[in-house]
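Asks: Sharing a structure here in structure tokens format.
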Amino acid sequence: GAGVSQTPSNKVTEKGKYVELRCDPISGHTALYWYRQSLGQGPEFLIYFQGTGAADDSGLPNDRFFAVRPEGSVSTLKIQRTERGDSAVYLCASSLSSRESAYNEQFFGPGTRLTVL
Amino acid sequence: AQKVTQAQTEISVVEKEDVTLDCVYETRDTTYYLFWYKQPPSGELVFLIRRNSFDEQNEISGRYSWNFQKSTSSFNFTITASQVVDSAVYFCALRTYTGANSKLTFGKGITLSVRP
């Protein structure tokens, strides 16, 4: 079946602009995660959705970052007033419900490479 | 707080050599899961193996094996008879068993280069 998809694959924007990054999880996966991966680093957690609600947004760096998942499937990560330091690969992952078990592995998408000039 | 340390940054081996990737973790939780992911040049993270904190039995799966030792908080991963296609960045990750907070905490990764 189809894996996690993310669009766009690359996004170049100017400092101060607004961007939206989209994630389409694996069908039937109720848990959805956003991570950010800077060059030479491991992915860092941003936010986790269980269904439509954000169960944990402790990784969002500041209030310029926001994410939604209105129908419990597709999620959009929104970044306002982008800064050069926001440049990174933004990864989305999905898994079966996390309420039952943290055993379920997370399946990752190919990522969106964001470059802020 | 959780922390994963991958002290090795880059490893280079010749094809058919065995290679072990080290991982040390920190957590105060008694129940947790450990994972290894592979990130090839294409960029997509691929799940490799997982182990829960209750099971220290070490296993072999094809060319992959792992050594989990709670006493030293280590979860090392070995590739036997390495191949060029194994060249990638390998991440160790930790996940605690808390329903409301199931994020993965990753190490910085180890870049493995397998030369023909």
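Asks: Out of (1) within 30 Å of A:G51 (Cβ to Cβ); (2) more than 14 Å from chain A (Cβ to nearest Cβ), the odd one out for B:V114 is which?
Replies: It is condition (1) that B:V114 fails.
Asks: Residues being under 28 Å from B:K103 (Cα atoms) and either touching a residue at least 60 places away in the same chain (Cβ under 8 Å) or among the aliphatic types (A, V, I, L, M) (or both): count how many of those fall in the range B:1-20.
Replies: So the answer is 11.
Asks: Can you pull out the residues in the range B:42-69 that are over 30 Å from A:Y90 (Cβ atoms) and among the hydrophobic types (A, V, I, L, M, F, W, C)?
Replies: Answer for the range B:42-69, where residues must be over 30 Å from A:Y90 (Cβ atoms) and among the hydrophobic types (A, V, I, L, M, F, W, C): B:F54, B:I60, B:F68.
Asks: While we're on this one: Please tell me if B:R63 is within 10 Å of chain A (Cβ to nearest Cβ), surrounded by 13 or more Cβ atoms within 10 Å (Cβ to Cβ) and either over 28 Å from A:S5 (Cβ atoms) or not hydroxyl-bearing (S, T, Y) (or both).
Replies: For B:R63, the condition - within 10 Å of chain A (Cβ to nearest Cβ), surrounded by 13 or more Cβ atoms within 10 Å (Cβ to Cβ) and either over 28 Å from A:S5 (Cβ atoms) or not hydroxyl-bearing (S, T, Y) (or both) - is not met.
Asks: Of the residues in the range A:40-49, how many are under 17 Å from A:T76 (Cβ atoms) and either without any contact (Cβ under 8 Å) to a residue 12 or more places away in the chain or not aliphatic (A, V, I, L, M) (or both)?
Replies: 2
Asks: Looking at the range A:71-92, which of its residues are under 18 Å from A:P25 (Cβ atoms) and either modelled with pLDDT of 95 or more or of a type in the set (S, T, Y) (or both)?
Replies: Within the range A:71-92, A:S73, A:V74, A:S75, A:T76, A:L77, A:K78, A:V89, A:Y90, A:L91, A:C92 meet the criteria.
Asks: On to the next question. Sort out which residues of the range B:12-37 are more than 11 Å from chain A (Cβ to nearest Cβ), crowded, with 17+ Cβ neighbours inside 10 Å and out of contact with any Cys (no Cβ under 9 Å at 6 or more places or on another chain), and write them in order of number.
Replies: B:V19, B:T27
Asks: Out of the range B:66-111, which residues are within 14 Å of chain A (Cβ to nearest Cβ), surrounded by fewer than 19 Cβ atoms within 10 Å (Cβ to Cβ) and without any contact (Cβ under 8 Å) to a residue 24 or more places away in the chain?
Replies: B:G99, B:A100, B:N101, listed by residue number.
The values are calculated or read from the model by the stated rules, or taken from the named source; none is laboratory data. A quick note: this is a predicted structure, and the numbers were derived from the prediction, not measured. Here the Cβ is made from the backbone with ideal geometry for all residues, glycine too, and neighbour counts use every protein chain on show.
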